[in-house]
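Working notes for the structure below.
The values are calculated or read from the model by the stated rules, or taken from the named source; none is laboratory data. This is a predicted model, so every value here is computed, not measured. FYI the Cβ positions are ideal-geometry reconstructions off the backbone, even for glycines, and counts take in every protein chain you see.
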Amino acid sequence: MEPFISNPNHKQPERFELGSWSLLIPELSVGFTGRSGGVGEAPYDGLNLAYHVGDNPAHVLENRRLLAEELGFAPESWTCGEQVHGTNIAVVRAGDAGRGYQSQQDAFQQTDGLITDVPGVLLTSFYADCVPLYFVDPVQRVVGLAHAGWKGTVAGMATAMVSRMEQEFGSRPANIHVAIGPSIGECCYEVDEKVMAQARLALPEEGDTTEPAWCSPSVHEGKTMLNLKELNRIIMIKAGILPTHIECTTWCTSCHPEFFFSYRKQNGVTGRMASWIGMKER
């Protein structure tokens, strides 16, 4: 069953929510935005939430305000990193709330992962095909977000998030729940041998097989269809996450341009969706 659900009765902005996690922490809000319901203009028309794509900053700020208020968070609680396809992770303390909300320069620099135990902080990150990873430890009441394109995935972002939650908050991997959000699917993500060589290094024992579970042959010579969602899932299990604690979306951002921005589908000129996670203050 698809875990990220769009509610047609929602007011705009459009969003796909992981409502099942409210059973873990009732105050938890977690999900992924669609592309409609914002104030942007073409080619960023709709709900672009990222400053770095060239959109009018005033439109981006207004879209962020609209989303935060719809989710029940103060807009000034919006907190994000300057994503660089790496594995750097920031621990967000109470005084860090709002970093990156009004400008990219104020965000956590060179950071693709965020974790916090502070209620009222809205963690966010941005996408147009890459994989959003969500983390929650209901025992220690810690939440996290990670941005994982192919570079972050093969560099072990998922493992790094689990390790950092252990180090900073005493989380046990067996208690952590993870979700893999809307992103480009194996159906649309064709890569060359350079990328596949790096992917095999992430799971060398899987790469020994003729056709690992996280890829399939392409119709084009020298190309492979890469399943980043499955690759992340396997990496998470090896990091100690229980398979029953992993939710994985079926949404492909490239297959559904009516709902999502897609870097590949739109030849690199497009807006960005946002993932979010946060615990509302009691």
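Key figures for this structure:
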item	result
Any pair with Cβ under 8 angstrom, 6 or more apart, that starts in the range 147-174 at a residue that is without any contact (Cβ under 8 Å) to a residue 60 or more places away in the chain and more than 17 Å from ARG233 (Cβ to Cβ) and ends at one that is surrounded by 21 or more Cβ atoms within 10 Å (Cβ to Cβ) and of a type in the set (S, T, N, Q)	MET165/SER171
Any pair with Cβ under 8 angstrom, 6 or more apart, that starts in the range 101-121 at a residue that is farther than 18 Å from ALA148 by Cα and modelled with pLDDT of 95 or more and ends at one that is part of a loop (DSSP other than H, G, I, E, B) and β-branched (Val, Ile, Thr)	THR116/VAL92; VAL118/VAL92; VAL121/VAL92
Residue in the range 226-236 that is surrounded by fewer than 17 Cβ atoms within 10 Å (Cβ to Cβ) and either out of contact with any Asp or Glu (no Cβ under 6 Å at 6 or more places or on another chain) or among the aromatic types (Phe, Trp, Tyr) (or both) present	no
Failed item in (1) under 17 Å from ARG141 (Cα atoms); (2) in contact (Cβ under 8 Å) with a residue 12 or more places away in the chain, with GLN12 passing the rest	(1)
Residue that is farthest from the chain's Cα centre (by Cα) [pool: residues in the range 30-41 that are surrounded by fewer than 22 Cβ atoms within 10 Å (Cβ to Cβ) and either under 30 Å from THR244 (Cβ atoms) or modelled with pLDDT under 90 (or both)]	GLU41
Hits in the range 140-162 (condition: in a loop (DSSP other than H, G, I, E, B), on the phi < 0 side of the Ramachandran plot and within 15 Å of the chain's Cα centre (by Cα))	GLY149
Criterion violated by TYR263 - all others in (1) closer than 22 Å to GLU2 by Cα; (2) surrounded by fewer than 21 Cβ atoms within 10 Å (Cβ to Cβ); (3) aromatic (Phe, Trp, Tyr) satisfied	(1)
Scan of the range 22-65 for residues that are assigned to a loop (DSSP other than H, G, I, E, B), farther than 23 Å from VAL84 by Cα and of a type in the set (Asp, Glu), ordered by number	GLU27, GLU41, ASP45
Matching residues in the range 182-196 - criterion: being among the charged types (D, E, K, R) and in contact with a Leu (Cβ under 7 Å, 6 or more places away or on another chain)	GLU186
